[in-house]
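Here the structure comes first, spelled out in structure tokens, and everything after it is commentary.
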Amino acid sequence: MNYIDTFYRRTIADDKSFSALPGTVECDTCIIGGGLAGLTTALQLARAGHAVVVLEAQRIGWGASGRNGGFVSPGFANDGEAIARAAGAENAKKLHGLSIEGVRFVRDTINELNIASAAPVNGIMSVLRYSDEQAMKQRAEYLHRTFDYPVEYMSREQVQAKLRSERYFQALRDPQAFHMHPLNYLRALAREIERLGGKIFESSAASSTEFSKPEKVVSTDMGKVKAQNVVITTGGYTSGLIGKLKRSYLPIATYVMLSEEAPDLIRTAIQTTDAVGDNRRAGDYYRVVEGGKRLLWGGRITTRAASSSAVAAELRREMVGTYPQLAELKTEISWSGLMSYARHLMPQIGQLQQGVWYCTAFGGHGLNTTAMGGKVIAEAVLGQSERYRLFQPFGLVWAGGLAGLSVAQLTYWKLQAQDWWRERHA
């Protein structure tokens with residue numbers, strides 16, 4: 001199966017395909033899932049001399065890993081206070097430190113492998129849609145004091161000099177965060193894994209597993225992999241292969257659209273190369289691409305995949321509501337992707353049993369947390385650290401099935417109502 005039509009597919013640097021698994025192969029570690037988490041795990045293991053095999057049901061980065069907004073910034077889908085309540089204040093600090101490490105890992109990998117096609121651009125602005133100068137300054141001071149991670153406070157006047165919208169107030173600008181082409185990044189990881197001796201198989205969905213013996217077996221329609229370790233890194237498109245994992249998170253759809261080429265019109269609204277995200281739970285996120293020629297705009301979530309063109313109309317209304325001057329800007333393409341969310345809104349990283357690991361449910365904040373997750377799982381497989389245990393408070397809790405989807409949608413509507421009320425009464 002080929003990639004769906006997205007901006008990333010249209011600007012792919014290397015479309016080389018990998019063969020399907022042709023029979024029986026043996027390795028040290030078999031990784032199920034060829035997205036960001038799986039390839040980062042495979043890369044780190046291959047760098048350490050492990051024989052690795054990656055099984056991907058479709059194509060490398062076919063799912064959300066290759067369809068997202070391209071933002072690489074610290075943090076998780078859940079907020080810091082909730083993480084501290086579950087894990088304790090000190091462990092919450094360690095977890096946030098890991099999320100910063102994930103950002104640096106992606107940047108370092110781009111530099112080390114000279115992935116020019118990832119096209120990283122520095123700077124992400126987190127903007128408020130209501131005024132709260134004190135909270136933003138306190139957050140900036142906390143990040144600097146606690147993590148030696150400086151971010152820039154921007155007043156409303158400074159924000160509006162860059163973003164010509166009455167919707168926005170203060171912002172924090174993170175100069176160390178960046179945005180990029182995720183599919184080209186992923187495919188460069190795959191090439192490096194292959195160069196290091198790893199094997200990658202596309203169109204090779206895992207159909208059954210046998211984990212009862214020290215040698216694990218993962219079977220596909222055309223072959224099988226025998227390994228000492230198995231790492232499961234699938235996400236929103238996960239099958240029911242491992243029921244405990246499948247039941248522990250919800251597939252949540254998000255949506256992105258790409259504008260026509262109109263650099264002069266776009267500059268009347270957006271006068272920065274920074275990526276932008278607002279403070280709402282499921283707010284807008286956007287960035288200019290192709291040197292400012294086009295605007296990539298994402299947002300909205302649904303618990304059941306809707307027509308991307310229909311949701312794109314909603315995204316466009318939101319864009320024009322934010323920037324009335326873009327009313328004439330036409331949408332060229334739109335697409336959707338399924339993310340995996342756990343009820344606790346944190347990644348699920350851990351061990352199912354001896355030799356079987358999982359690294360999934362990154363909940364819309366994946367470009368940094370998948371890198372971090374793949375790194376700590378590789379460390380665990382290699383016996384180098386047990387940092388994965390920091391995620392033990394966020395286990396494989398049942399996500400609620402169909403009822404969970406309904407609750408998630410109701411929760412989203414509630415959060416939207418809260419955002420609406422706060423914007424108008426702050």
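Remarks
- In this entry, Gly198 passes the filter for residues that are in contact (Cβ under 8 Å) with a residue 24 or more places away in the chain, of a type in the set (Gly, Ala, Ser) and open to solvent by less than 20 Å² (accessible area, probe 1.4 Å).
- Qualifying residue in the stretch 144-156 (condition: buried (at least 20 other Cβ atoms within 10 Å of the Cβ) and under 19 Å from Ala77 (Cβ atoms)): no
- Meets criteria (within 30 Å of Val381 (Cα to Cα), among the aliphatic types (A, V, I, L, M) and touching a helix residue (DSSP H, G or I) at 6+ places or on another chain (Cβ under 7 Å)) for Ile266: no
- Residue in the stretch 77-91 that is closer than 30 Å to Ile12 by Cβ and not basic (Lys, Arg) present: yes
- Residue check, Val276 crowded, with 16+ Cβ neighbours inside 10 Å and either among the basic types (Lys, Arg) or under 15 Å from Ile31 (Cα atoms) (or both): no
- For the stretch 303-356, a residue qualifies if it is closer than 18 Å to Gln392 by Cβ, open to solvent by 30 Å² or more (accessible area, probe 1.4 Å) and among the hydrophobic types (A, V, I, L, M, F, W, C), and the qualifying residues are Leu345, Leu352.
- Some residue of the stretch 348-358 being β-branched (Val, Ile, Thr) and touching a strand residue (DSSP E or B) at 6+ places or on another chain (Cβ under 7 Å): yes
- Across the stretch 181-226, the number of residues qualifying as of a type in the set (A, V, I, L, M) and out of contact with any Lys or Arg (no Cβ under 9 Å at 6 or more places or on another chain) comes to 7.
- Trp398 being modelled with pLDDT under 95, aromatic (Phe, Trp, Tyr) and either open to solvent by less than 20 Å² (accessible area, probe 1.4 Å) or not in a helix (DSSP H, G or I) (or both): yes
- Test set (1) under 23 Å from Gly88 (Cα atoms); (2) at pLDDT below 95 - Arg389 fails condition number: (2)
- Selected residue [over 21 Å from Trp357 (Cβ atoms), open to solvent by 50 Å² or more (accessible area, probe 1.4 Å) and modelled with pLDDT of 95 or more] from Arg47, Arg104, Arg85: Arg104
- Checked across the stretch 235-258, the condition of being over 20 Å from Phe362 (Cβ atoms) and crowded, with 19+ Cβ neighbours inside 10 Å holds for at least one residue.
- Among the residues making up the stretch 134-192, those that are of a type in the set (Val, Ile, Thr) and in a helix (DSSP H, G or I) are Thr146, Val159.
- Listed here are the strands (runs of 3 or more DSSP E) enclosed by the stretch 277-366 that have at least 3 residues being not hydrophobic (A, V, I, L, M, F, W, C): 285-289, 294-302, 331-341, 348-353.
- Conditions (1) open to solvent by 10 Å² or more (accessible area, probe 1.4 Å); (2) assigned to a loop (DSSP other than H, G, I, E, B); number of the one not met by Ile60: (1)
- Pairs meeting the criteria (first residue in the stretch 310-327 and among the polar types (S, T, N, Q), second residue part of a helix (DSSP H, G or I) and open to solvent by less than 60 Å² (accessible area, probe 1.4 Å), beta carbons under 9 Å, at least 6 apart or on different chains) are Gln325/Leu265.
- Candidates in the stretch 359-386 are the residues that are among the hydroxyl-bearing types (Ser, Thr, Tyr) and surrounded by 24 or more Cβ atoms within 10 Å (Cβ to Cβ); of these, the one that is modelled with the lowest pLDDT is Thr360.
- Restricting Ser203, Ser207 to those that are open to solvent by 50 Å² or more (accessible area, probe 1.4 Å) and on the phi > 0 side of the Ramachandran plot reduces the list to Ser203.
- Contacts under 6 angstrom Cβ, first residue in the stretch 383-403 being over 20 Å from Lys244 (Cα atoms), partner open to solvent by 30 Å² or more (accessible area, probe 1.4 Å) and modelled with pLDDT of 85 or more, 6 or more apart: Leu390/Asn91; Leu390/Lys94
- Only one entry of Ser126, Ser99 meets the criterion of being assigned to a helix (DSSP H, G or I), within 20 Å of the chain's Cα centre (by Cα) and polar (S, T, N, Q), and that entry is Ser99.
- The residues listed here are Val52, Val25; of these, the one that is in contact with a Gly (Cβ under 9 Å, 6 or more places away or on another chain), of a type in the set (A, V, I, L, M, F, W, C), open to solvent by 10 Å² or more (accessible area, probe 1.4 Å) and under 15 Å from Gly197 (Cβ atoms) is Val25.
- Subset of the stretch 213-227 [closer than 11 Å to Glu26 by Cβ and free of Cβ contacts under 8 Å to residues at least 12 places away in the same chain]: Val217
- Options Arg287, Arg267; residue that is within 21 Å of Val127 (Cβ to Cβ), at pLDDT 85 or above and exposed (fewer than 15 other Cβ atoms within 10 Å of the Cβ): Arg267
The values are calculated or read from the model by the stated rules, or taken from the named source; none is laboratory data. Values in this document were obtained by computation on a predicted structure and should not be read as measured data. Ideal geometry is used to build each Cβ from the backbone, glycine not excepted, and the neighbour counts take in all protein chains shown. Keep in mind that these areas ignore ligands, DNA and RNA; they rest on the heavy atoms of the full protein, side chains included. Shrake-Rupley method; radii C 1.70, N 1.55, O 1.52, S 1.80 Å.
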